[in-house]
Amino acid sequence: MKAIATIPTSKIVNIIDRDEPFISSPDEIKIKITQVGICGTDREIANGGRADAPEGSQELVIGHEMLGIVHEVGSSVSKVKVGDYALFIVRRPCGECKACFHERSDMCSSKKYTERGIKMRDGYMTEYVVDKEEFILKVPNEIADIAVLTEPLSVSIKAIVESLIVQSARLPGEKYDTYLEGKKVLVVGLGPIGLLGAFALRLRGAEVIGMDIVDENSTRPSLLKEIGGKYINDKLVQTDKIDDQIGQIDMIFEATGVAKLEFDLIDALGVNGIYVLTGIPGVGRPVEIMGGDLMQQMVLMNQVLIGSVNASKEHNQIALNDLIAYRKKWGKSIDKVITEIMPYTRILDALA
């Protein structure tokens, strides 16, 4: 069968031949891949960035945002059947820490987790994959055409859920289910994670202001406006003056991975505000900050800073439920997050 692989730390991406996998235990499922999403992580890996090949191999099959059709199931499998749309989540537990024992490998404390298509496990850019039932989610037929968005959406969902847990616990009178209603949230960076975060925030009643560096009439700001958000062009406003322009900012959802901007944005966060970082900056680039001013603000204004990466199986399920809700509320707007569909033979065009 065909697969798309890279040699980690190189800039080599090739279509290769691999043996077709087979079911070897009762709890395994074989899926025929129909779609694999491409995000910034894939582009970073293809450009020689962070990735690790499986032990004993020089190559890593890439791709971690997947959708497929169940092709075969082991004798003990009950969650899906042949012909169902389904997906596997990305991360695999370390088998050592408490978080992984409680099905929260996204919070792995040993750092010995593995990830399909990223860290020491082959990914989903291949014709067939086999994995354990514990990592699968059944996809409703009604969203099979957009379910490839589940993984990136789950990353946004986790960041938002973590924020809701913290804010509802520490602020008197605030409830988890209703905290975001009427709250002002600044979403910074309208790539897939930021845009999908905006969908999730709007669904939960937040007033969303998106910020990016693209023209206001281009695709991403236009899509944000379709779901009731507002847009600010970062080129036309001083970062430390954003709150003067739009008022109290209750939450900042950062999805840029630009270190200087990440620090500068702290200044815009409001009283009792929470700041969630999902972007991962490159290393080795020094950033000059007004450290004393920022720390004083965070203490005196009761602010919270949270880093969030990956997502649990539960967050992936919430993402699937959300996709159904987005379709009901905004029609085909969510479809526009998928910008283009290409055959696997055009992988280099897609990555570019």
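The values are calculated or read from the model by the stated rules, or taken from the named source; none is laboratory data. What you are looking at is a predicted structure, and each value in this text was computed from that prediction instead of being measured. Quick reminder, even Gly has a Cβ in these numbers, built from the backbone with ideal geometry, and neighbours come from all protein chains shown. Protein only, heavy atoms only, side chains kept; ligands, DNA and RNA dropped before computing areas. Shrake-Rupley method; radii C 1.70, N 1.55, O 1.52, S 1.80 Å.
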TODO: Go through (1) open to solvent by 20 Å² or more (accessible area, probe 1.4 Å); (2) more than 26 Å from N141 (Cα to Cα); (3) part of a strand (DSSP E or B); (4) not aromatic (F, W, Y) one by one and return the number of the condition Q35 breaks.
DONE: (2)
Task: Answer from V80, V129, V90 - the residue that is of a type in the set (V, I, T) and over 27 Å from S10 (Cβ atoms) - done: V80
TODO: Could you grab me the full set of residues in the stretch 197-228 that are free of Cβ contacts under 8 Å to residues at least 40 places away in the same chain, assigned to a loop (DSSP other than H, G, I, E, B) and not hydroxyl-bearing (S, T, Y)?
DONE: G205, I213, V214, D215, E216, N217, G228
- [ ] Having 1 or more residues that are within 18 Å of H71 (Cα to Cα) and aliphatic (A, V, I, L, M) is the bar; report the strands (runs of 3 or more DSSP E) wholly within the stretch 106-152 that clear it.
- [x] 128-132, 136-139
Open item on the list: Being in a loop (DSSP other than H, G, I, E, B) and either in contact with a strand residue (DSSP E or B) (Cβ under 6 Å, 6 or more places away or on another chain) or touching a residue at least 60 places away in the same chain (Cβ under 8 Å) (or both) is true for just one of P26, P54. Which residue is that?
Closed with: P54
Task: Residue ID - nearest to T345 (Cα to Cα), chosen from residues in the stretch 38-60 that are surrounded by fewer than 20 Cβ atoms within 10 Å (Cβ to Cβ) and in contact with a Ser or Thr (Cβ under 9 Å, 6 or more places away or on another chain) - done: E59
Open item on the list: Can you tell me how many residues within the stretch 40-51 are assigned to a helix (DSSP H, G or I) and small (G, A, S)?
Closed with: 2
TODO: State whether one or more residues within the stretch 128-150 are open to solvent by less than 10 Å² (accessible area, probe 1.4 Å), aromatic (F, W, Y) and under 21 Å from the mean Cα position of the chain (by Cα).
DONE: no
Open item on the list: It is to be established whether one or more residues within the stretch 177-196 are of a type in the set (G, A, S), closer than 21 Å to V155 by Cβ and outside any helix (DSSP H, G or I).
Closed with: yes
Task: Meets criteria (within 17 Å of the chain's Cα centre (by Cα) and hydrophobic (A, V, I, L, M, F, W, C)) for I318 - done: yes
Open item on the list: Need pairs with beta-carbon distance below 7 Å; first residue in a loop (DSSP other than H, G, I, E, B) and within the stretch 75-103, second small (G, A, S); sequence gap 6+ or separate chains.
Closed with: V80/A86; P93/S105; C94/S110; E96/S110; C97/S109; C97/S110; E103/S312
TODO: Can you tell me which residue within the stretch 1-23, out of those that are of a type in the set (K, R) and in contact (Cβ under 8 Å) with a residue 40 or more places away in the chain, is farthest from K336 (Cα to Cα)?
DONE: R18
Open item on the list: Quick check on the stretch 215-225. Is at least one of its residues touching a Phe, Trp or Tyr at 6+ places or on another chain (Cβ under 8 Å), open to solvent by 40 Å² or more (accessible area, probe 1.4 Å) and over 18 Å from E151 (Cβ atoms)?
Closed with: yes
- [ ] Search the stretch 85-105 for residues being open to solvent by 20 Å² or more (accessible area, probe 1.4 Å) and in contact with an Asp or Glu (Cβ under 9 Å, 6 or more places away or on another chain), and hand back the single one that is farthest from M66 (Cα to Cα).
- [x] A99
Task: Filtered residue count, the stretch 37-82, keeping only those that are among the basic types (K, R) and more than 20 Å from A352 (Cα to Cα) - done: 2
Open item on the list: Checking the condition under 27 Å from L320 (Cβ atoms), open to solvent by less than 20 Å² (accessible area, probe 1.4 Å) and assigned to a loop (DSSP other than H, G, I, E, B), which residue from G68, G63 passes?
Closed with: G63
Task: Hey, L236 open to solvent by 50 Å² or more (accessible area, probe 1.4 Å), over 26 Å from V166 (Cβ atoms) and among the hydrophobic types (A, V, I, L, M, F, W, C) or not - done: yes
Task: Conditions (1) under 19 Å from I249 (Cβ atoms); (2) among the aromatic types (F, W, Y); (3) open to solvent by 30 Å² or more (accessible area, probe 1.4 Å); number of the one not met by Y179 - done: (3)
